[in-house]
1. What is the log10 of I(q)/I(0) for segment 121-162, computed with the Debye formula using one identical point scatterer on each Cα and no solvent, at q = 0.25 Å⁻¹?
2. Just from its helices, what would the mean residue ellipticity at 222 nm be for the chain, if runs of 4 or more DSSP H residues each count -39500 (n - 2.57) and the sum is divided by every residue, rounded to the nearest 500 deg cm²/dmol?
3. Please turn the phi angles of segment 72-79 into ³J(HN,Hα) values with the Karplus equation 6.51 cos²θ - 1.76 cosθ + 1.60 (θ = phi - 60°), one per residue in order, whole Hz, x for glycine and proline.
4. Hey, what D do you get for the chain in µm²/s if you plug the Kirkwood alpha-carbon radius into Stokes-Einstein at 37 °C and 0.692 mPa s?
5. Quick check: at a probe of 1.4 Å, how many percent of the accessible area of segment 56-167 sits on carbon and sulfur atoms?
6. Taking only C-alpha pairs under 8 Å that are 6+ residues apart, what is the relative contact order of the chain in percent?
7. Quick one: which residues, 5 or more positions from Asp135 or on another chain, have an amide H under 5 Å from its amide H? H modelled 1.01 Å from N in the peptide plane, none for Pro or chain starts.
8. From the residues Ile11, Ala93, Asn40, which one has its Cα farthest along the dipole of the chain in the positive direction, the dipole being from +1 and -1 charges on Cβ of Lys/Arg and Asp/Glu about the Cα centre?
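The values are calculated or read from the model by the stated rules, or taken from the named source; none is laboratory data. Source: prediction; values computed, not measured. When we count neighbours, we look across all protein chains shown, and the Cβ atoms used for this are built from the backbone with ideal geometry, even at glycine. Note: accessible area is taken over every heavy atom of the protein model, side chains too, but ligands, DNA and RNA are not part of it. Shrake-Rupley method; radii C 1.70, N 1.55, O 1.52, S 1.80 Å.
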Amino acid sequence: NKIGNVKDVLIKKNYDPFFSVYPALNNGQEVPNLYVMPSNIGLALAQRELSTQVDREQILQSQIVKLGDRQDIILIDCSPTLSDLTMNAIVAADMLLIPVTYEDDALEGLADLFNVITELKPKGVSFKIIRNQKDLRKTRTNFYIENKLSDFMLSNHLLETIIHQDE
């Protein structure tokens with residue numbers, strides 16, 4: 001019976017990450033070949049333990065390698081901060097899905113994120129941006145965000161899907 005999460009994968013020595021990977025569900029049905037490595041509130045406490053480890057950004061990647069061919073796709077949930085935990089996910093990832101909210105400071109965070117990605121993955125990494133929390137009432141902010149993200153649309157890094165904020 002599985003009971004693990006991403007904190008276990010990052011912190012426990014000799015841990016089999018298979019016990020922290022679960023089939024993704026859509027309306028209660030498993031999505032073929034899609035898996036999730038969830039987090040919980042305990043993940044915040046892992047930051048303290050990670051900060052003292054050598055090559056701490058490599059831990060998740062070395063654990064995921066242990067999964068071999070057992071999973072094709074794993075979604076790793078991360079906080080929106082540039083912590084050791086997020087950096088581990090960046091190093092381990094073949095592809096990043098980056099949610100961007102319709103707020104001015106979200107674009108500043110995006111620039112910081114790309115600086116970190118360039119440092120951690122000098123050869124680059126595939127990524128897609130998904131727009132999130134669009135409020136149709138905020139036309140000026142929406143226009144600003146769309147304008148700033150237009151280069152990503154041209155380079156095929158911006159998903160067409162927009163998640164709207166509940167009104």
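1. -0.91
2. The per-residue figure over the chain is -11500 deg cm²/dmol.
3. So the J values, rounded to whole Hz, are 8, 9, 10, 8, 10, 6, 10, 6.
4. Rounded to a whole number, D works out at 188 µm²/s.
5. 52
6. 17
7. Counting only residues 5 or more places away or on other chains, the set is Gln165.
8. Of the listed residues, the answer is Ile11.
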